[in-house]
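The next block holds one structure in the form of structure tokens; read it before the comments.
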Amino acid sequence: GAGVSQTPSNKVTEKGKYVELRCDPISGHTALYWYRQSLGQGPEFLIYFQGTGAADDSGLPNDRFFAVRPEGSVSTLKIQRTERGDSAVYLCASSQGSLAGGPLNEQFFGPGTRLTVL
Amino acid sequence: AQSVAQPEDQVNVAEGNPLTVKCTYSVSGNPYLFWYVQYPNRGLQFLLKYITGDNLVKGSYGFEAEFNKSQTSFHLKKPSALVSDSALYFCAVRDMGNSGYSTLTFGKGTMLLVSP
């Protein structure tokens, strides 16, 4: 398909473990965003990539969270020493260009990865 | 700082009746405003946006929204609701006054339930 894809769709892990969540953006989209959606809440911004670089990582809650996008396409969100409070749906979105330079560019979201930390 | 408020956790409407889902925002500059819809086990889908120009914005699936600067509101509307419109709706804002790469701030969502 032509949309944003995320794998896995569900991830169950134990407290203290390390997890990786993957996002495949729409082909040609240079901007990629990660959000976290807790139950009953709207998506909360985590990090934004423009190309390979993290242009804004101000939403990452602490240094256990890290994300990469080495070739400017696929991105991986990494969470170390997971805690029960990390349980949420992690959403990825992509858009053509940046919101700063291209305000007309809406974000297209993937289906999310539901992370459960036991 | 930018923020969004969706004062209603849930809106109930009968099929065929008009619907309104409320959204108010707070920004330091001029706002970019968006509405997204989320169906169960699916990603958020873009409905419409306000950047500039006409205050009444038309979007997907017959939805529209009215930008009201004096009331800092961007309510989502549809003249005649369908059962298939039942979903979770999110309003989002981006402050045009922010420099750099700031992104969207979402409201907590409003569940729309349309009864047959």
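Note on region B:3-115: with neighbouring protein chains present and a 1.4 Å probe, carbon and sulfur make up 48 percent of its accessible heavy-atom surface. Considering only beta bridges that DSSP places wholly inside the protein assembly as shown, some 90 percent are antiparallel. The GNM of chain B, with springs linking C-alpha atoms under 10 angstrom apart, assigns the highest mean-square fluctuation among B:33, B:56, B:104 to B:56.
With N residues in region B:12-58, what two-decimal value do you get for its Cα radius of gyration over 2.2 N^0.38 Å?
Rounded to two decimals, the normalised Rg is 1.42.
Under the combined filter of DSSP loop state and at most 10 neighbouring Cβ atoms within 10 Å, region B:1-94 retains these trypsin sites (Lys or Arg not before Pro): B:69. What the phi angles of region B:40-52 give under the Karplus curve with 6.51, -1.76 and 1.60, with θ = phi - 60°, is a coupling list of x, 6, 10, x, 5, 10, 5, 9, 6, 8, 10, 10, 6 Hz, glycine and proline written as x. For region B:31-116, applying the loop criterion from DSSP together with a ceiling of 12 other beta carbons within 10 Å to the chymotrypsin sites (Phe, Trp or Tyr not before Pro) yields no site. Projecting label points 7 angstrom from Cα along Cα→Cβ for residue B:77 and residue A:80 puts them 5.3 nm apart. Evaluated at q = 0.12 Å⁻¹, a Debye calculation over the C-alpha positions of chain A (equal weights, vacuum) places log10 I(q)/I(0) at -0.38.
The convex hull defined by the C-alpha atoms of the protein assembly as shown has an orientation-averaged projected area of 12.7 nm². The mean number of Cβ atoms from other chains found within 10 Å of a Cβ in peptide B:42-50 is 5, as a whole number. The convex hull built on the alpha-carbon positions of region B:3-115 has an orientation-averaged projected area of 6.9 nm². Distance from the Cα centroid of region B:1-61 to that of region A:31-90 is 24 Å (rounded to whole angstrom).
The values are calculated or read from the model by the stated rules, or taken from the named source; none is laboratory data. Bear in mind that the values here come from a model prediction, so they are computed numbers and not experimental data. As a convention, Cβ positions derive from the backbone with ideal geometry for all residues, glycine included, and neighbour counts pool all protein chains shown. When the accessible area is computed, the model is the full protein with side chains, heavy atoms only, and any ligands, DNA or RNA have been set aside. Shrake-Rupley method; radii C 1.70, N 1.55, O 1.52, S 1.80 Å.
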